[in-house]
1. Regarding region 202-210, can at least one residue be identified that is in contact with a strand residue (DSSP E or B) (Cβ under 9 Å, 6 or more places away or on another chain) and in a strand (DSSP E or B)?
2. Scan region 291-300 and give yes if some residue there is assigned to a loop (DSSP other than H, G, I, E, B), surrounded by fewer than 20 Cβ atoms within 10 Å (Cβ to Cβ) and out of contact with any Gly (no Cβ under 9 Å at 6 or more places or on another chain), otherwise no.
3. Mind listing whichever residues of region 139-170 are at pLDDT below 90, buried (at least 18 other Cβ atoms within 10 Å of the Cβ) and among the β-branched types (V, I, T)?
4. Within region 743-799, which residues are touching a residue at least 12 places away in the same chain (Cβ under 8 Å) and either in contact with a His (Cβ under 7 Å, 6 or more places away or on another chain) or on the phi > 0 side of the Ramachandran plot (or both)?
5. Filtering region 190-210 down to residues that are at pLDDT 85 or above and surrounded by fewer than 19 Cβ atoms within 10 Å (Cβ to Cβ), which residue is farthest from S229 (Cα to Cα)?
6. Six or more apart or on different chains, Cβ atoms under 8 Å: show the pairs whose first residue is in region 406-431 and more than 22 Å from V901 (Cβ to Cβ) and whose second is among the aromatic types (F, W, Y) and buried (at least 18 other Cβ atoms within 10 Å of the Cβ).
7. Go through (1) in contact with a Ser or Thr (Cβ under 7 Å, 6 or more places away or on another chain); (2) in a loop (DSSP other than H, G, I, E, B) one by one and return the number of the condition T115 breaks.
Amino acid sequence: MIRWFAKNHVAANILMIAILLFGGYTAYFQLPVEIEPAVSFPQVRIKVPLRGGTPKDVEQKVILPIEQALDDLSGIDSVESTASRSSGSIIVNVAENTDIDKLKTEIASRIDRITTFPTEAEKPRIYIPNTAYFYEVISVTIYGNLSDDDLIIAAKKARDDLTSIEGISKVVIKGRLNKEITIEVKPEVLNAYNLTIDKLSRKIRETSIDLSAGSINNNGERILIRSSSQAYGVEQFRNLIISRENGSELKLGDVATIVDTRAADQKVIRYNNQNAIVLEVLRLDGENALKIANSVHEYVANAQDSFPTGVELATWNDDSVSLKGRLKTLGENLLQGGILVLIFLGLFLRPQIAFWVVAGIPISFAGGIIAMHYLGVSANNMSIFGFIIVLGIVVDDAIVTGENIYSRMREPGRSPLDAAVLGTEEVSVPVTFGMLTTIAAFVPLMFIEGYIGEMARQIPLVVIPVLLFSLVESKLILPAHLKHLKTNRKKTDWFIRSQRYIADSLEKFIQRIYKPLLDFALHHRYATISLFITSLLLTAGWYIKSDNFNPAPSTDRYYIYASLETVTGTSYEATDERVKHVVKSLDSIRDKFVDSGTGKSLIGNVLTSSGGKPWNNSARPTDGYILVEIVPPGQRTSPSPGPKNIEIATAWEQAVGEMQGVKSFYIRSEQNNSKGKRVEPISIDLRSNDDQQRLAATEKITDWLSDKNNIRRAWSSSSREQRELEIKLNAQGREAGLSEEALARQIRSAFYGTQVQKIQMADSELRVMLKLPEEQRTSLHTLDTLRISLPNNQLASIAQFATVKESSTPPSIERKDGLRLSSVVAYPKGDFKVTTIEPELTEFLDMLMLDYPSVSWSYEGELADFKKGNQRLIALALILTFTLYSLLAIPFKSFIQPFLVMLAVPFGVVGAYWGHVLLDLDISYLSFFGMLALAGVVVNDSLVIVDFINKRRLEGAPLREAIAASGIRRFRPIFLTSITTFAGLMPIIFEDSIQAQFLIPMAVSLGFGILFATFITLFLIPCAYAVSVDISIFKPKKDE
């Protein structure tokens, strides 16, 4: 096939054009564009609202029945539960190799069979979390000093406008949407009309109703009948007639105060201290994130005049900025890397060869894009990084093939066609198996667990197809072009003369410097090998001593956020005051961080949420959240990049100072790329149903961490408990026919209120709640004087039929695998690496648990990822080693020679490590991922040189002559493949944009590892080959 395509250059060109056209069509019309790949977490989540329920109620009536229902269900790895006020949530972590959709169906079936849920519990929501449905592309804030109603009207208009734009299908409104009609009635009024909360509730339901009553068939025409007296507004509810007696009507407004208010379980969002609603614009399947962001920006810029005066619009949290930045980085790196590769190849080979070798890059990339479409891979931050990584590697096979063709063409008497075919066929085996080893090295990235694994999985799905198309291009297309190469031109211009001078200089370097050094190394081969081994051991020792490993290095982003949690029992109003204090403290440091070029502050817009995170549906009065935009370095006009986020965050935290009544407060200035669940630096889970032992152990661990100099703050999830009044039916109450349930429901109706109706509006819910007035719901005197309804419809004082006992209850109850759970969280100071404290912390925890035998502990967060990641990384490295060995043993037909080739791997890691040291970078898991990929790349040059030695020995050449000839003959392709790979990665290695920081460790591992491995290949591999012959009197086998 190689000869056929080399002879038929028309077929080769048609193949090339077809790949380019199909790739371009796929990229423009078929490839979805998103910020990050949609990740479906291996979880099934269950949420059950129980409005008004205490955490103990939720645990007993919701959580435990569900846990028991799922107890013997196969396919479950673990079950995590949280019982909080008014809501219960369960996370079912799915075991590997389990069909998650079937498991979800079985979970739903088992929950449907639970008959013990209280009537107040709402229908469970069961779903599989997927980032596509809760990570927005961009947000729009609707803000102003307006009422809730005005904001809601404006938000709905903006939502409808946005969804009418082509390419935008889903916009979600966050904040202030759900409303509540509260009907407040005083106990004395109830007594005067011989009513109770329950009786009045029933009368409202009977009067406010919207019910289908069937139909009438009138002469063939079907006429529907409907009873429609449903009240929707305050006035309608006031006019509801609840009784008629002696010709007079008693309306609800006569006995109760009815007000339209915000739902009690909602948070309040502000944008730059003005009331706000946030609209999240999401990307659905087939939609383009960049087009969505551009459309939203255009809408916000042009839509202001269509809104009433006082309504303002602004874009917020535009995640497409990172994708645009990475696309820009890719474009610049492709251009810069391509130019560098073209320059190096043009200088040391021939410009025509260099051109056709570089032409293989867009051809291979087009093939990769075609494969992405069929593999279901989108254009996202990580897949784009895959193209950047493979930029320098993709031309390796073309360089080796092109250089060999050029060498054959310079031989006298050989036709260009024969030279092209022979030059390609000679290196086809080592080039093919070299490419397979590179592909094998990227495969382990598909088996990394966790969120970072989901991100890393995108890289091999891009790199592998690109390399395969590169192999096709170098075998079928490149020879057809290089057969037209002209050699021994008599007429030359200055450029050709300059190029030949540089190429000849390389040849002189090989003959005058490299060849004598290689002869010296071969003569002292044992000393040479010892020197390299010493460098390996010294590097390992330096790494252990320096301890510069950071599992998931954080990178700056476009914003900083602060989160606070007040102590249990704090009202929403008190939490809101603390949120305002944090914002005021931020304003006080704005003038300290200024872009010297513009004179404007680097601190931008501020979004706050009192009552919980703005994007969560649930609300907690103790939670506050502040999100701050920071001008990124790439948009600053000052000569220097200016302060990092951590510097701004530190100054902000100092300005905030100590806050009374705050359980936890922290500011995050960086991200560690672990979406879905916040990954804490230090997080310890303690599990036991013995509350006393668990809480005591939690307190000791928190104190121990707080005393450490390198720990900035430590706290636990075990908040101080709230006071609780337990009401139990006494003997007299039972004799009167009361039940515990009936008593509890009447008390709940009085203090929490009873939900009379829940009306589904067009895009929101309207709850109608019947309650006592707020001043009476907050008074213990009300409980003492409360009158309840007996089974005989008489009213009596609660004190006569029940006893009241004071106790306490936790604000929330967490569980894992059937045991109650407490967590201890700690944040380090500055650049302190949490992995350094792990051995001491582990020893302390093991010793502490001897005093609390019922308590078990485990790491979560970064420390857990560190331990699990190490185990998985070691397993993947062993599998990769065996795979590389197998792929090398097959072409060599030897069990020994693969070890010679693979000697380059550990020394490539040495180069990767010192690259990190040189650039002052921590070693991270991304660095290790780069080293795994490096293993497959560095063996290519070793494979080529060992293969050449074998061929020369089979031709009868003596060992020293075969080794020397291999070094001289293969120096140029080895040098060029290494330098072009590094050149392709160099722009990203030295990139200073925020988008590149996450990618740099992997690029450094590949780039510097390959550079150092070049010296290994040119000196260590020949010496090791000679030693292997010394020891085993090894001779290569001929093909059978």
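1. yes
2. No: region 291-300 contains no residue that is assigned to a loop (DSSP other than H, G, I, E, B), surrounded by fewer than 20 Cβ atoms within 10 Å (Cβ to Cβ) and out of contact with any Gly (no Cβ under 9 Å at 6 or more places or on another chain).
3. I152
4. Correct list: G753 only.
5. For region 190-210, the residue satisfying everything is R202.
6. G423/Y406
7. (1)
Rundown of residues vs (1) modelled with pLDDT of 85 or more; (2) of a type in the set (G, A, S); (3) surrounded by 19 or more Cβ atoms within 10 Å (Cβ to Cβ); (4) not assigned by TED's automatic domain parsing to the domain that holds R283, yes/no style:
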site: I369; (1), (2), (3), (4): yes, no, yes, yes
site: M372; (1), (2), (3), (4): yes, no, yes, yes
site: N381; (1), (2), (3), (4): no, no, yes, yes
site: I384; (1), (2), (3), (4): no, no, yes, yes
site: V390; (1), (2), (3), (4): no, no, yes, yes
site: R414; (1), (2), (3), (4): no, no, no, yes
site: P430; (1), (2), (3), (4): no, no, yes, yes
site: G434; (1), (2), (3), (4): no, yes, yes, yes
site: M446; (1), (2), (3), (4): no, no, no, yes
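The values are calculated or read from the model by the stated rules, or taken from the named source; none is laboratory data. This structure is a prediction, so every number in the text was calculated from the model and none was measured. Cβ coordinates were reconstructed from backbone atoms using ideal geometry, including for glycine residues, and neighbour counts include every protein chain displayed.
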